[in-house]
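First comes the structure, then the notes that go with it.
The values are calculated or read from the model by the stated rules, or taken from the named source; none is laboratory data. These figures come from a predicted structure and were not determined experimentally. Cβ placement follows ideal geometry from the backbone for every residue including glycine, while neighbour counts extend to all protein chains displayed. Side chains are part of the model used for accessible areas, which takes the heavy atoms of the whole protein and leaves out ligands, DNA and RNA. Shrake-Rupley method; radii C 1.70, N 1.55, O 1.52, S 1.80 Å.
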Amino acid sequence: KVLSKKYTVRLLVRDPKQVERLRQKDLQAVLGDLRERDSLREAVKGCEAVFHLAALVKRWVPKATLYEEVNVEGLRNLAELSWKEGVERFIYTSSILALGPTEGLPEKKVVPNPYEVSKKKALGLAREYQKKGYPLLTVIPTVLYGPGVWTEGNHLSRLLKDLLSGRFPGWIDKGKWRWNFAYVEDVTK
């Protein structure tokens, strides 16, 4: 909302129905898919900046390679095409899971899932671009909560909903997990 008051915002959307819905709200929406570089050209053409906020965030998908196709190769496709089209600033939003465990937990004791592996690879790719001097800024917010579209990526909201409805009575663990939460509007302001 804030960006659209100051700048023209163009949204990349995969679902044709969503493109039409957004256009009816006087928003610029372009149909495309991160896995198909040519479908991204219209979205980035003439842009000064690109905010890459998309990712495949699910517990499980039938084709595990889809995580890397979307989260790693999708970043590569969008970033490289953006720079080819003259984009001056590329802002990539990642996940705290890309950073891996902290506070002395050896990484070999933690078995990452395909999502975490793909986000770690994508962050590595983003850092390579930065070392090469590309205009890329990486943003890694903590676990966000608040209003928005209900998806599998709403881990905290889903956990709280299950807890409040009695479907999630507790957490089985040794009490070593530490998380940091932030309200989405506090992060986006």
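Brief remarks follow.
- Tallying residues that are outside any loop (DSSP other than H, G, I, E, B) and under 24 Å from residue 140 (Cβ atoms) within the stretch 14-51 yields 6.
- Only one of 9, 19, 13 that is under 19 Å from residue 153 (Cα atoms), aliphatic (A, V, I, L, M) and without any contact (Cβ under 8 Å) to a residue 40 or more places away in the chain: 13
- Pairs where the first residue, in the stretch 73-101, is under 11 Å from residue 122 (Cα atoms) and in contact (Cβ under 8 Å) with a residue 24 or more places away in the chain and the second is of a type in the set (S, T, N, Q) and open to solvent by 20 Å² or more (accessible area, probe 1.4 Å), C-beta under 7 Å, 6+ apart: 92/138; 94/138
- Residue within the stretch 29-43 that is without any contact (Cβ under 8 Å) to a residue 12 or more places away in the chain and crowded, with 16+ Cβ neighbours inside 10 Å present: yes
- When 23, 35, 10, 41 are screened for being within 19 Å of residue 67 (Cβ to Cβ) and not aliphatic (A, V, I, L, M), only 35 passes.
Residues are listed down the side, and each one gets a yes or a no for (1) under 23 Å from residue 13 (Cβ atoms); (2) small (Gly, Ala, Ser); (3) under 12 Å from the mean Cα position of the chain (by Cα):
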position	(1), (2), (3)
36	yes, no, no
56	yes, no, yes
60	no, no, no
73	yes, no, no
87	yes, no, no
100	no, yes, no
113	no, no, no
128	no, no, no
140	no, no, yes
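- Each residue in the stretch 125-151 was checked for being part of a loop (DSSP other than H, G, I, E, B), open to solvent by 60 Å² or more (accessible area, probe 1.4 Å) and in contact (Cβ under 8 Å) with a residue 24 or more places away in the chain, and 4 pass.
For (1) on the phi > 0 side of the Ramachandran plot; (2) modelled with pLDDT of 90 or more; (3) hydroxyl-bearing (Ser, Thr, Tyr); (4) open to solvent by 50 Å² or more (accessible area, probe 1.4 Å), each residue gets a yes or a no:
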{"residue": "62", "(1), (2), (3), (4)": "no, yes, no, yes"}
{"residue": "71", "(1), (2), (3), (4)": "no, yes, no, no"}
{"residue": "80", "(1), (2), (3), (4)": "no, yes, no, yes"}
{"residue": "91", "(1), (2), (3), (4)": "no, yes, no, no"}
{"residue": "103", "(1), (2), (3), (4)": "yes, no, no, yes"}
{"residue": "107", "(1), (2), (3), (4)": "no, no, no, yes"}
{"residue": "112", "(1), (2), (3), (4)": "no, no, no, yes"}
{"residue": "123", "(1), (2), (3), (4)": "no, yes, no, no"}
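- Residues being at pLDDT 75 or above, in a loop (DSSP other than H, G, I, E, B) and either within 17 Å of residue 97 (Cβ to Cβ) or open to solvent by 70 Å² or more (accessible area, probe 1.4 Å) (or both) - total across the stretch 157-188: 2
- Filtered residue count, the stretch 1-10, keeping only those that are among the hydrophobic types (A, V, I, L, M, F, W, C) and either open to solvent by 60 Å² or more (accessible area, probe 1.4 Å) or in a helix (DSSP H, G or I) (or both): 2
- In the stretch 1-20, the residue that is modelled with the highest pLDDT out of those that are hydrophobic (A, V, I, L, M, F, W, C) and farther than 13 Å from residue 47 by Cα is 13.
- Here residue 154 fulfils each of the conditions (1) open to solvent by 70 Å² or more (accessible area, probe 1.4 Å); (2) within 18 Å of residue 95 (Cα to Cα) apart from (1).
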